[in-house]
Amino acid sequence: MGLRLAGVEGVVVHDREHTLEALEQAIHDPEIAIILMTTIVIGYCPDVIYDKKLNLQKPLIVEIPDRHGSLKLGETIDKYISEAIGIKI
């Protein structure tokens, strides 16, 4: 809601199927350079999203906490870095 007030358009999804559909549409839209996804949404299909984060040059996919916060964001960042460089930190 706060992002919409700032003029950022978005899509609300509640399951894996809709998440993947919205992600593919956003990836193929030349007007979109950054995709913001909440931790909960990434949890619907983390395998696909992390693969795209690592292998696509554009758009940039950024994980943000949802309105309830995220207790596992640090773990997610650690996992992402470990996958990217091949070293567990």
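The values are calculated or read from the model by the stated rules, or taken from the named source; none is laboratory data. Every value quoted in this text rests on a predicted model; they were computed, and no experiment measured them. Don't worry about glycine lacking a Cβ; one is built from the backbone with ideal geometry, like all the others, and counts go over all protein chains shown. All accessible areas refer to the heavy atoms of the entire protein, side chains included, with ligands and DNA or RNA removed. Shrake-Rupley method; radii C 1.70, N 1.55, O 1.52, S 1.80 Å.
Among helices (runs of 4 or more DSSP H) entirely within the range 16-65, having at least 3 residues that are closer than 18 Å to Leu3 by Cα and modelled with pLDDT under 95 singles out 39-42.
Scanning the range 3-39 for residues that are of a type in the set (A, V, I, L, M, F, W, C), over 13 Å from Ile61 (Cβ atoms) and loosely packed, with under 15 Cβ neighbours inside 10 Å turns up Leu3, Leu5, Ala6, Val8, Val11, Val12. Kindly indicate whether any position in the range 66-80 is at pLDDT below 90, open to solvent by less than 30 Å² (accessible area, probe 1.4 Å), not basic (Lys, Arg) and not in a loop (DSSP other than H, G, I, E, B). Within the range 66-80 (the criterion being at pLDDT below 90, open to solvent by less than 30 Å² (accessible area, probe 1.4 Å), not basic (Lys, Arg) and not in a loop (DSSP other than H, G, I, E, B)), the answer is yes, since at least one residue qualifies. The set of residues in the range 41-65 being open to solvent by less than 90 Å² (accessible area, probe 1.4 Å), under 11 Å from the mean Cα position of the chain (by Cα) and among the aliphatic types (A, V, I, L, M) consists of Val41, Ile42, Val48, Ile49, Ile61, Val62, Ile64.
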